[in-house]
Amino acid sequence: MRRILLGAAMAAMLAAGGAAPALAQGNPFQPLVHVNDTAVTRYELDQRIRFLQILRAPDADPASAEQALIDDRLRIFAAQQLGITARDEQIEAGLAEFAGRANMGVEEFTQALAQAGVEGQTFRDFVTAGIVWREVVRQRLVPQVKVSDAELDQEMQRLIETPRITHVALSELIIPAPPGQEAQAMGLAESLVGSVRSEADFAAAARQHSATPSAENGGRLPWTPLENLPPSLRPIILSMQPGQISQPLSVEGAVVLFYLRDSRGTLRPGAKEQVLDYVRFRLASLAEARRIAALSQSCADLFVHARGLPPEQIQRQTLPQGQIPTAEAIRLAVLDDDEASVAGQDGQADILMLCKRQPALLAQGAQESPVAVSPEGEESAAPEPDALPDREQMRDQIFSRKVGQAAENYLAELRANAIIRRP
């Protein structure tokens, strides 16, 4: 999808005759801001703005483009501190990967940029800064990032307890894009994304521009089961929040926009079921039970106090909540992990301590997510909705998120410590 949109965006920009000059005329090499011992010039800013406009990037305004150039200077500074440089083959591979997103080769992509007034060096500098920064992150930050089992369990539990979307209320806006008019359709869609702020805005735009019967109703579609949507569309809709408009989707003969009005969801089967790991410690007196409970901070502590006693006096077990005797289940229901309940009667007492409470799905362990198969035997792009991700996949997601946050924090630190001044 990103490849389609980038290619369409470039086509739209080139059809419009290239980006308009971003800045007032003046000495193009005049320094606008000094970053440590380097400078960002007026020319570089103009080039970066043009480049971002071609990519249809959201932050193509002068202030955001200037900040991006400052950040690139800081990224390169951090790389120099570690002796990191980008080799020619790395840069060429990076250029090819980026151009490939628009389904172009490097030469074709560079020529398209030139038609819009962007020099190849601007493209090269942009890619180079990204290459050296990734190496800075790999060397400096990645070794410091760890994902604990507790973090993984917490994220898995959050996933289990989050309702999965089953139905969505969408509004559609389909802009015709006959041959030769694809760029104009994409341009209109992009402008609508930037201007629509509410369902009423989207409905008005649909009545004016949409070429489907739903246009008369503001593009409103009835509640739709998520599974009825094309597999390739589901992740796009699931990434949206109610009240949000999608990015333009380029399909054959049209450009499509969706507006998510609302969504409905249910917990996955078994999400409310719990498995309890707990200890029952039988003692001769209520006073002794209270004393031991007060001294014990964990289930392991109870076993320390049970040394030398018959093994049948203390028992640890892990059971589904429904299999625990009612009287014990009631006592355990109000306990947090490593919290104890003491009860006694007829000269006997016992301690119940909850070691761990977790969803049954998590206790069973995540299985590999099965892939849905159509009646024709073709694999669907979307996994079964009730399946949990593999724990290692989830660990990788958490790791990537933490690395990204660490990189943002380090960049903020570089900004705080840099000498940034204007002439």
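Couple of notes before you dig in:
- Flag if D277 is assigned to a helix (DSSP H, G or I), farther than 30 Å from P222 by Cα, modelled with pLDDT of 95 or more and not small (G, A, S): no
- Some residue of the stretch 405-421 being more than 36 Å from the chain's Cα centre (by Cα), modelled with pLDDT of 95 or more and over 23 Å from A271 (Cβ atoms): no
- Considering only residues in the stretch 34-57 that are under 31 Å from the mean Cα position of the chain (by Cα) and outside any helix (DSSP H, G or I), the one that is surrounded by the fewest Cβ atoms within 10 Å (Cβ to Cβ) turns out to be A57.
- Listed by position, the helices (runs of 4 or more DSSP H) enclosed by the stretch 168-247 that each have at least 1 residues that are modelled with pLDDT under 90 are 182-195.
- Top-ranked residue of the stretch 254-274 - restricted to ones that are more than 25 Å from the chain's Cα centre (by Cα) and in a loop (DSSP other than H, G, I, E, B), ranked as farthest from S298 (Cα to Cα): G270
- Residue count for the stretch 263-294 under the criterion of being buried (at least 19 other Cβ atoms within 10 Å of the Cβ) and of a type in the set (S, T, Y): the result is 2.
- For the stretch 73-128, filtered to residues that are within 25 Å of Q139 (Cβ to Cβ) and of a type in the set (S, T, N, Q), the residue that is surrounded by the fewest Cβ atoms within 10 Å (Cβ to Cβ) is Q81.
- In summary, D71 fulfils each of the numbered conditions (1) free of Cβ contacts under 8 Å to residues at least 40 places away in the same chain; (2) under 15 Å from Y410 (Cα atoms) with the single exception of condition (1).
- Taking first residues from the stretch 246-265 that are under 15 Å from S232 (Cα atoms) and partners that are charged (D, E, K, R) and not in a strand (DSSP E or B), the Cβ contacts under 9 Å between residues at least 6 apart in sequence or on separate chains come to Q247/E190; P248/E190; S250/E182.
- For the stretch 295-314, the candidate set comprises residues that are loosely packed, with under 14 Cβ neighbours inside 10 Å and of a type in the set (A, V, I, L, M, F, W, C); within that set, the residue that is farthest from the chain's Cα centre (by Cα) is L309.
- The requirement of being farther than 23 Å from D37 by Cα and modelled with pLDDT of 95 or more is fulfilled nowhere in the stretch 52-66; no residue meets it.
- Scanning the stretch 308-329 for residues that are part of a strand (DSSP E or B) and over 16 Å from I351 (Cβ atoms) gives T318, L319, P320.
- Qualifying residue in the stretch 239-261 (condition: under 30 Å from R357 (Cβ atoms), surrounded by fewer than 17 Cβ atoms within 10 Å (Cβ to Cβ) and not hydrophobic (A, V, I, L, M, F, W, C)): no
The values are calculated or read from the model by the stated rules, or taken from the named source; none is laboratory data. Model, not experiment: these values are computed from the prediction. Because the Cβ atoms are built from the backbone with ideal geometry, glycine has one as well, and the counts that use them run over all protein chains shown.
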